[in-house]
Amino acid sequence: MALSFCGNDTAEAYNVDRGVLNNGCFVDALNLVPHVFLLFITFPILFIGWGSQSSKVQIHHNTWLHFPGHSLRWILTFILLFVLVCEIAEGMVSDRKMDTRHLHLFMPATMGFIAAITSIVYYHNIETSNFPKLLLALFIYWVLAFITKTIKLVKYCDHGVDMTQLRFCITLMLVFLYGSLMAIEVNVIIFRKYVFFANPKKVKPPEDLQDLGVRFLQPFVNLLSKATYWWMNTLIISAHKRPIELKTIGKLPIATRALTNYMRLKDAYEEQKKDAHFPGEQPPSIWHSMYRAYGRPIFLSSTFRYLADLLGFAGPLCIFKIVDHLSKTSKSSSPVNETITMVGNTNQTDKVIFMGVYFVSSKEFLENVHVLAVLLFLALILQRTFLQASYYVAIETGINLRGALLAMIYNKILRLSTSNMSMGEVTLGQINNLVAIETNQLMWFLFLCPNLWAMPVQIIMGVILLYYMLGISALIGASVIALLAPLQYFIATKFTDAQKSTLDYSTERLKNTNEILKGIKLLKLYAWEHIFCNNVEKTRMQELTSLKSFALYTSLSIFMNAAIPIAAVLATFLAYTHINSEKLSSAVAFTSLSLFNILVTPLFLLSTVIRFTVKALVSQQKLKEFLMSDEISDDGFRGGETSLNVETCKKHSGVHTKAFNRRQPLKDQLEGFEQPLRRYIRSREIEDVSVKVTDGSFSWGSGMATLSNISIRIPTGQLTMIVGQVGCGKSSLLLATLGEMLKVSGKVYWSKEPANEMNHDATPSAHEVDPVFEVTGRNRNSVAYSAQKPWLLNTTVEENITFGSPFIKQRYKAVIDACSLQPDIDLLPFGDQTEIGERGINLSGGQKQRISVARALYQNTSTVFLDDPFSALDIHLSDHLMQEGILKFLREDKRTIALVTHKLQYLTHADWIIAMKDGTIIREGTLKDFQNHDVELYEQWKTLMNRQDQEFEKETEGESQTILERKTLRRAMYSREAKAQLDDEDEEEDEEEDDEDNMSTVMRLRTKMPWRAFWRYLTSGGFLLLFLLIISKLLKHSVMVAIDYWLAHWTSLKQTSETSAMTDLNDQNYYKMWYSILCSVGIVLCLITSLTVEWMGLTAAKNLHHNLLNKIILAPVRFFDSTPLGQILNRFSADTNIIDQHIPPTLESLTRSTFLCLSALGVLLYVTPIFFTALLPFVVAFYFIQKYFRVASKDLQELDDSTQLPLLCHFSETAEGLTTIRAFRHETRFKQRMLELTDANNIAYLFLSAANRWLEVRTDYLGAYIVLTAALASITYSHYYGLSSGFVGFGLTYALTVCNYLNWVVRNLADLEVQMGAVKKVNSFLNIESENYEGTIDPSQVPEDWPQQGEIKIQDLCVRYDPALKPVLKHVKAYITPGQKVGICGRTGSGKSSLSLAFFRMVDIFEGKIIIDGIDISKLPLHTLRSRLSIILQDPVLFSGSIRFNLDPECKCTDDRLWEALEIAQLKNMVKSLPGGLNAMVTEGGENFSVGQRQLFSLARAFVRKSSILIMDEATASIDMATESILQKVVMTAFANCTVVTIAHRVHTILTADLVIVMKRGNILEYDKPESLLAHEGGIFASFVKADM
């Protein structure tokens, strides 16, 4: 064997007499030379000389691919590797035909394979380290390899070898490949000039790679990394160490950014506009624009998809060949001589021998089962790679399109005409839908669009192959699938309808839940919680009915997916055995089975794809209509679009802070700062005008002119007031000058201002321009505008005020003081860094308005428009704002102010007045002009001024609205702070524990599946259903395996000549009968399992919601104070939705794919036990892949979710504040923000998609490995243990299913883990303690009319809100006689409200007791106690429903009693006038009644109760003086015989009480009659009364 390189068959082997090159073995040896050369040259360079090179280029990522022909080189190298594998295989097959070993047949090819891998590794390292000179080695290698292969080819031709021999074809291909690679190398030399040229060419890395922030590397990495997502490894592995955040994933590459894509789509859209022959002939089509902008990537994705689909058929065909070959082999041989047959199937005589060795023909090569197994493996790898590439390209294109569409919609919003918004032609809801739904529909369409044309081809190919295998009976099976497809579509549409109706019910349920949570304190105090709880339960039952149909359609859909292939296969095989005389062979049976499995997917997906296509068509139409809607007119100040230029999107340049001198007083500094501008203004003549309108008439879109005959001027640097009745067009006038209205006729002039207002240091000479110009184009400067309805951004208070201008501390402070915002800011948890707006803290109207005005004051613009800034402010604040803000801050700065107002007492301050009526100007001029020329109007104003002054005095007596607003805010904040304090303490404890453990524990928690939540979910569905689910699943999958096992048995039957045809027929019928029975049972079980999962999901959802609602309703009131309302609502909305609709399908899919994979592996182990050895590495790899993926996927999903909300909010905010943004001229800044938010969301989504591809590629490769090992094991068993061909087919068909379902196991597991978060959150609320509703006394022992007298004894009472907190009442003692009127007063936090709550046991009484009419209240059941007392709260709460329901939800009282109560509360006439009387509807929160009326309803409600004890908790705090006096009167008369305890915040309300209790810090300080207490001058009560006077 020593000299067996050339083999020892004959002596000729080493003979070179006819010339060295005529000896085939020597030619092969010559082919070794280049490979050995390359390995010797490159290995030292790769391993030794590397460290010194890498620092040559300063670049962040080592992924810079810049040699020309880069991708082509990778593709050719892959092809080269494939051809070399074929050459090795061909050499081995030929070698088996020879008598001795001929190493030269496959050894050079093996070396070539190693050299090819080395060449690409070497090339990659040189390219990324940018050291092109070293490529010379590769150039020499390609030249040598090309020459040696060409010599070999020429010699073959000389010896008469032709194309029929496989080796000749392989050599020819190798010559071509080596030649091409050589040409690429020459191209690199010519292009980069790194050798043979004097000056090599310098190249720079692309901008993206120079940017350290770009971490999404898919576009920049090499082909192998692109195909396998290798570059994602670092991110996915690092997710295990620390969570992925936005910082981790960096920025989007330029090509994927929203701005780039917007330009791309916009160009395509604008091009169409140009192409239209007649303007306005037809609006540009969005489809067309999409095609122009994204046609190429869609085409690429579709190409990958076609390749993948075609390669998908390689699996079944290889199985057919392998099984067919093995069945023939087993027939022609008995197990004894199998080995010989294996080696030489063909007779020794017809060996084809050239140059002393055997040559294999292509046909013979492809009939070798081992070759087929390897081909099957390679086809699977390729198919999966192409499929994932197709998905990735489609998804990336979809994301790009969405970014472009969002930018396009946003741009359009900024140009929408105001009338469109106000007339409701374009609503906020519509815009939100466009952003959240329509763009996503189009994005999804792009994801699925390659399916649209790939699926029909796949279906046709499948049917053709089936027809080729089975003849006419295949068409019967295919028609079964085709006939059931419309049913599938019908189910899908029904499913969507069910989803819609579920949504309606859940919205209704949420509304009810929200009401309960908002009024929970009242419900508990009145013991009404169960009535309202039942209302929610009623809506929930309707929702569940709707969910039932939703679940039914889901399970039917799942059932169809599973059952149709069984039915189709059954029909096909029965027809086949009936029509054809010969037996069904195992090769045909199992190949058909896998073909049917392939066919089913496109047929089902097709209905989904069609549904999405229809939705996309609708979305496209909506989008088209929106893009064609009216824009703001071009003759406004805006000429077309403010372009989305990247440069202008940078921060606005602003005042430089260093210009200020810290020591100088603020006023002087500001004066000095504005000096040049002022000098410029004064240099003009007195007639100086900032805005001038002549003969203007303006309208809101179509129809009548709203403003007509408008001729006004707004003088520069002066205060102009615009007055008139409500609705006379004052706000419209401001908007008209801002260009927001449609100008019908006339002209608007704006004075020219410095080019950049911010830059006031420019010399005056620069401003000597023509002072006035007509507004055309984009010339109007920024105007600080405060709209009538305040508009806030969802950001901090500070950012709302600075609004993009630089932060200047002194200026900011001056503005805050002018708007008296400091006290409000002090109440906020993080001061002016607190988030306000939709998602932040809710502020009152007045607070919002003051922030809006502060924004206008802060801006450094020369013109300020204030639209009714005092409307939501009380008199003190209005005065302060007028004096400090408008007169001092603005007017002394000589800024031009236009002020719309109803407060006529300020007219004396005005420099210029414009009076309006019914959309026209009555007169303009100074107050003196009016006094002289329009006496009537002037007198009218005077009387109104007097009335307003009286109001001022009246309000000064009472407590101002502002103080109330601040109280409300303080109360909201206080409860949150208490919660935060508790949380902080918990967190500190947690942190201490965490420090003891280390990072690894945290990571262990991150990688652990939430098994406890999962178990909680399953048991919520009930143990019976859980048991049924597990049993039915196991049964179903066992029957599925049994069906195929029976098929393997049936097709493996050997036809023996001895038995008659008759018994054979009987056998066939017997097998057919059992096969049909098994299939039928399988179909029934499919239905049962799919129904069981959904049914269990429904039961779990029902129980979890029921338990959650009951727990929340019975929770103590402190829970609601310390838990934000939004958080509780979230459990009922988002989390309940996930439990209702998302977990069941995920669970179904997970169990199905897991069982399928497990049954497949079980089958393989049964068929070929040796497979176990291959299973171990598979299990290890699979475990690590799923472990790493789950953590990363969870983080990326959360990132995707969290980046979506700010984006949607930004759109709705912009639409709401359009006029403000346009007045300020801040469009560019808002666009920039929108682009940032879109990119943040897109990068999260892109990474999530790349992570999914990362997983799928890996699991698919694992699946391919399973198929390869299974095939090789089956072939071995077939040869050596006589395994029947039927079982080989059985095993291989199952191995293929592993390939399809492995990634679903992991993805569903990851999804379920995220969804279990919802169960976890709900679960955390299920552990809160309930109030103790049981008492020690039985309710029947309490007298019906208790409490009759209303005698109250308080003995040594100590109260706290929570065992963890300090007591709020300390040893309080008091005695209240029946019918006494008691007043309790004290400063905020003195414990007076806590005392009122103690009567109802809303707080924890841990010492002492309260005895009412002889019964200790701590012994009473809670419901009994609370239903017998009455209370009127400070904040009146009304619920949506009828007035009757609000007064008496228990429906216990007669109508007379209710009318009596309303009469006492002085509401009878008002209720009578409403349609429906007592049945008139109250809107949510009682918004259709004033605060005073609501408080009177609360009084009526207390009267209806007829309790002998009434407690009033600061009941008059939030109402006006008139209502207060009514309330006081009623209490004195209607409740004359009752014990009334009043907690007062205005001391004068309790001066008439029988007894006054003064409290401080939980103790009683003074306790006596009010007269006695007043007599004691130094007393606290006396001081309170003094302060209140």
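The values are calculated or read from the model by the stated rules, or taken from the named source; none is laboratory data. Everything numeric here is computed off the predicted structure, so don't read it as measured data. Neighbour counts run over all protein chains shown; Cβ positions are idealised from the backbone, glycine included. These accessible areas exclude ligands, DNA and RNA; they are computed on the full protein's heavy atoms, side chains included. Shrake-Rupley method; radii C 1.70, N 1.55, O 1.52, S 1.80 Å.
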Subject >> Kirkwood hydrodynamic radius over Cα pairs of segment 1248-1375, then Stokes diffusion coefficient at 10 °C and 1.306 mPa s, in µm²/s >> reply: 70
Subject >> Mean Cβ count within 10 Å, highest first, over the residues of peptides 1016-1029, 1158-1171 >> reply: 1158-1171, 1016-1029
**OP:** Report, by chain and number, residues whose modeled amide H sits under 5 Å from the one on ILE913, excluding near sequence neighbours (fewer than 5 apart, same chain).
**Re:** MET721, GLY925, THR926
Subject >> Residue among PHE1155, PRO68, SER180 farthest towards the positive dipole end of the chain, charges placed on Cβ >> reply: SER180
Original post:
Based on the Cα coordinates of segment 451-597, what is the per residue volume of their convex hull in Å³?
Top reply: 137
Original post:
Of VAL457, THR513, ALA562, whose Cα points farthest to the positive end of the dipole of segment 435-572 (charges on the beta-carbon: +1 Lys, Arg; -1 Asp, Glu; origin at the Cα centre)?
Top reply: THR513
**OP:** Determine which lysines satisfy two conditions relative to LYS1506: a Cα distance under 22 Å, and not lying fewer than 8 residues away in the same chain.
**Re:** LYS521, LYS524, LYS1353, LYS1381, LYS1452, LYS1468, LYS1529
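Can you tell me how much longer the chain between SER285 and VAL1179 gets when fully stretched, taken as 0.36 nm per residue apart minus their C-alpha distance, in nm with one decimal?
Numbers: separation 894, 0.36 × 894 = 321.84 nm, distance 5.21 nm.
My answer for the length gained is 316.6 nm.
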Subject >> Nonlocal amide H pairs with SER1442, under 5 Å, H built at 1.01 Å >> reply: VAL1482
Original post:
Mind listing P(r) for segment 788-839? All alpha-carbon pairs, 5 Å bins, whole percents.
Top reply: 4, 19, 27, 31, 15, 3
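Highest first, please rank the peptides 1295-1308, 193-206, 173-186 by the mean number of other Cβ atoms sitting within 10 Å of their residues.
Most protected by this proxy first, the peptides run 1295-1308, 173-186, 193-206.
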Original post:
Taking segment 1084-1200 as the region of interest, what is the percent of Cα-Cα pairs per 10 angstrom bin, listed from the shortest bin to the one with the maximum distance?
Top reply: 10, 24, 26, 23, 11, 5, 1
Original post:
Counting DSSP beta bridges with both partners in the chain, what percentage is antiparallel, nearest 5?
Top reply: 60
Original post:
Hey, which lysines would be in cross-link range of LYS518, C-alpha to C-alpha under 18 Å, not counting anything within fewer than 8 residues on its own chain?
Top reply: LYS967, LYS979, LYS1111
Subject >> Distant-in-sequence amide H partners of VAL689 (H built 1.01 Å from N, under 5 Å) >> reply: THR716
**OP:** Report, ordered by chain and residue number, the lysines lying within cross-link reach of LYS251, taken as a straight Cα distance under 22 Å and ignoring same-chain residues fewer than 8 apart.
**Re:** LYS204, LYS226, LYS241, LYS650, LYS651, LYS1194, LYS1231
Original post:
In square angstrom, what is the accessible area per residue of the chain with a 1.4 angstrom probe?
Top reply: 44
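So how do 496-509, 1201-1214 stack up, highest first, on mean other-Cβ count within 10 Å?
On the way: 496-509: 16.1, 1201-1214: 17.7.
Packing proxy ranking, top to bottom: 1201-1214, 496-509.
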Original post:
Once the whole set of protein chains is in place, how much accessible area is left on VAL33, using a 1.4 Å probe, in Å² to the nearest 10?
Top reply: 80
Original post:
Using a ≥ b ≥ c from the Cα gyration tensor of segment 249-316 (square roots of the eigenvalues), is it rounded, prolate or oblate, where a/c under 1.5 gives rounded and otherwise the larger of a/b and b/c decides, a/b for prolate?
Top reply: oblate
**OP:** Using the Kirkwood radius over Cα pairs, work out the Stokes-Einstein diffusion coefficient for segment 809-898 at 37 °C and 0.692 mPa s, in µm²/s as a whole number.
**Re:** 243
**OP:** List the equivalent ellipsoid semi-axes of segment 432-533 in whole Å, largest first, each obtained as the square root of 5λ for an eigenvalue λ of the Cα gyration tensor.
**Re:** 53, 20, 8
Subject >> Protein accessible area in the chain, 1.4 Å probe - carbon and sulfur % >> reply: 60
Subject >> Kirkwood hydrodynamic radius of segment 1412-1506, Cα pairs, Å >> reply: 14.1
Original post:
What value does segment 1458-1589 have for Rg/Rh, both radii from Cα atoms and Rh as Kirkwood defines it?
Top reply: 1.04
Original post:
Toward the positive end of the charge dipole of the chain, about the Cα centre and with charges on Cβ (Lys, Arg +1; Asp, Glu -1), which of THR427, TRP941, CYS533 goes farthest?
Top reply: THR427
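Note down the magnitude of the dipole of the chain about its Cα centre, charges +1 on Lys and Arg C-beta and -1 on Asp and Glu C-beta and zero elsewhere, to the nearest 20 debye. All intermediate terms of the calculation are to be shown ahead of the outcome.
Values: 153 positive and 158 negative charges, 517 e Å.
Computed about the Cα centre, the dipole is about 2480 debye.
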**OP:** Let me have the 222 nm mean residue ellipticity of the chain computed from DSSP H runs of 4+ only, each contributing -39500 (n - 2.57), with the sum over all residues rounded to the nearest 500.
**Re:** -20500 deg cm²/dmol
